[in-house]
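A.B. asks: Sending over a structure as structure tokens; questions will come in a sec.
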Amino acid sequence: MLKLISVLLFSLSFHIIFGQGIAAYQIYNSKGKKVKFEKVCSAANENELVLFGEFHNNPIAHWLQFELTKQMFAKFGTHLQLGFEMFEQDQQEILADFISGNIPVEKLKDTTRLWPNYSTDYAPLTEFARTNKLQCVATNIERKYASLLFKKGRAALDTLDQKVKSQMAPLTFALDTTLSQYQNMKHMGAHMGPGMGWRMVEAQAIKDATMAYFILHNPWRTPQTIHLHFNGAYHSDFYQGIMWYIRQEEPNMKILTISTVTQDDVHKLEKEHLGRADYIICVPNSMTTTH
């Protein structure tokens, strides 16, 4: 009997220490209630746009992006459209050629500025789209023009030719300086010198505005389109960034947001993350990264 009790106590201890201590992730809703991935998929399928906020080097987020893509494709087929912060608008033609099967992956790699983790994190998505004939949208502004705005201000973009301007949001894009994400960015950039905090905000805002613009204004969008967009979490956290710009043009659009956070302990969502998104993927700080 004593031996049996000892075995049971050991089993219980093992479950408590290891069963809870090595969880790879936990998903929460906006109020901090634990939910299963199937709930996220079900909710995503009830919306017109899903903004999937990732940490760019987080393997759990990338894995769940791929799984969500498969789940949504099973319901919507080729009405599902994928959008990528990771591709800039001047790369749209070459991306479309790859997705349509007109060029091999080697040419895509040779002629575009692929992110260093493309092969591990984004290639599964583009290859899935290529296999299943899903349109992919390069939604981001070319990085050098966001940098130009940061260095010289919005007026510097007025000198660009019309083709370049057509690859970004209209330069009259609004900027709500009261948004908490932009306020935080202003404070981060304040140490760079007078006015540089707001320049940093504008550089962020033109990315948000451009991604929103091409989610709404890409040539493959139809009334039946369901758009799944992949972006850094900061671009859509707290229903701001991209979502704010979408709401200016289509206030009634049904949108679901997903975010990614890291914590030492994933078994309870920390207060600062409540309300960050409709669904929040919580990953241990100790999780390995992809680059």
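Here, each number is a calculation from the coordinates, and none is a lab measurement. Only a predicted model underlies this, so the values are computations on that prediction, with no experimental measurement involved. Every residue, glycine among them, receives a Cβ derived from its backbone with ideal geometry; neighbour counts consider all protein chains shown.
A.B. asks: For the chain, with a Gaussian network of springs between Cα atoms less than 10 Å apart, report the residue from 42, 236, 259 with the top mean-square fluctuation.
C.D. replies: Judging by the Gaussian network model, the answer is 42.
A.B. asks: What net charge is computed for the residues neighbouring residue 142, neighbours being all others with C-beta under 14 Å from the C-beta of residue 142, Lys and Arg scored +1, Asp and Glu -1? Intermediate results must be reported in sequence, preceding the final value.
C.D. replies: On the way: positive: 113, 143, 144, 163, 165, 207; negative: 85, 88, 90, 93, 161.
Neighbourhood net charge equals +1.
A.B. asks: What is the local net charge at residue 259, summed over the other residues whose Cβ is closer than 9 Å to its Cβ (Lys, Arg +1; Asp, Glu -1)? Display every interim value, and only then the final one.
C.D. replies: Values: positive: 276; negative: 54, 237, 278.
So the environment of residue 259 carries a net charge of -2.
A.B. asks: Same structure, new question: Lys and Arg at +1, Asp and Glu at -1: add these up for the other residues within a Cβ distance under 14 Å of residue 65 and post the number. Can you show the working numbers first?
C.D. replies: Values: positive: 70; negative: 54, 67, 85, 121, 127.
Net charge around residue 65: -4.
A.B. asks: If you don't mind, another one. What's the Kirkwood radius of the range 97-248 in Å, using all Cα pairs? Spell out each step's value before the answer.
C.D. replies: Values: mean 1/r = 0.0588 Å⁻¹.
Over the range 97-248, the inverse of the mean reciprocal pair distance is 17.0 Å.
A.B. asks: Order 205-216, 90-101 from most to least packed using the mean count of other Cβ atoms within 10 Å.
C.D. replies: On the way: 205-216: 25.4, 90-101: 17.2.
The packing order, highest mean first, is 205-216, 90-101.
A.B. asks: Also, I was wondering about something else. Take the Cβ-Cβ distance between residue 264 and residue 131 as r, set R0 to 45 Å, and report the resulting FRET efficiency rounded to the nearest 0.05. Please list the in-between numbers first.
C.D. replies: Numbers: r = 39 Å, r/R0 = 0.87.
Efficiency computed from Cβ-Cβ geometry: 0.70.
A.B. asks: What is the dipole size for the chain, taken about its Cα centre, with +1 at each Lys and Arg Cβ and -1 at each Asp and Glu Cβ, in debye to the nearest 20?
C.D. replies: On the way: 29 positive and 28 negative charges, 79 e Å.
With only Lys, Arg, Asp and Glu charged at Cβ, the dipole is about 380 debye.
A.B. asks: For the chain, what Kirkwood radius comes out of the mean inverse Cα-Cα distance, in Å? Working shown, then result.
C.D. replies: Values: mean 1/r = 0.0489 Å⁻¹.
Taking the inverse mean of 1/r over all distinct Cα pairs, the chain comes out at 20.4 Å.
A.B. asks: Sticking with this structure for a sec: Relative to the present Cα-Cα distance, how much length would full extension add between residue 196 and residue 221 at 0.36 nm per residue of separation? Before the final figure, lay out each step's value.
C.D. replies: Working: separation 25, 0.36 × 25 = 9.00 nm, distance 3.67 nm.
Using 0.36 nm per residue and subtracting the Cα-Cα distance, I get 5.3 nm.
A.B. asks: Follow-up. Work out, step by step, the length gained on full extension between residue 166 and residue 254: first 0.36 nm times the residue separation, then minus their alpha carbon distance; give nm to one decimal.
C.D. replies: Values: separation 88, 0.36 × 88 = 31.68 nm, distance 2.66 nm.
Result for the pair: 29.0 nm of gain on full extension.
A.B. asks: Can I ask one more? In the range 239-279, whose amide N lies under 18 Å from the spot 7 Å out along Cα-to-Cβ of residue 31? List them in ranges.
C.D. replies: 257, 268-279
A.B. asks: Follow-up. Excluding residues on the same chain fewer than 8 positions from residue 152, give the lysines whose Cα lies under 23 Å from its Cα.
C.D. replies: 144, 163, 165, 186, 207
A.B. asks: So if the hydrodynamic radius of the range 134-197 is defined as the Kirkwood radius over C-alpha pairs, what does Stokes-Einstein give as its diffusion coefficient at 25 °C and 0.890 mPa s, in µm² per second? Let's see the in-between values first.
C.D. replies: Numbers: Rh = 13.6 Å.
In µm²/s, the coefficient rounds to 180.
A.B. asks: Kindly state, to the nearest 0.05, the FRET efficiency for residue 158 paired with residue 22, given R0 = 45 Å and r defined as their beta-carbon distance.
C.D. replies: Numbers: r = 54 Å, r/R0 = 1.21.
Given R0 = 45 Å and the Cβ-Cβ separation, E is 0.25.
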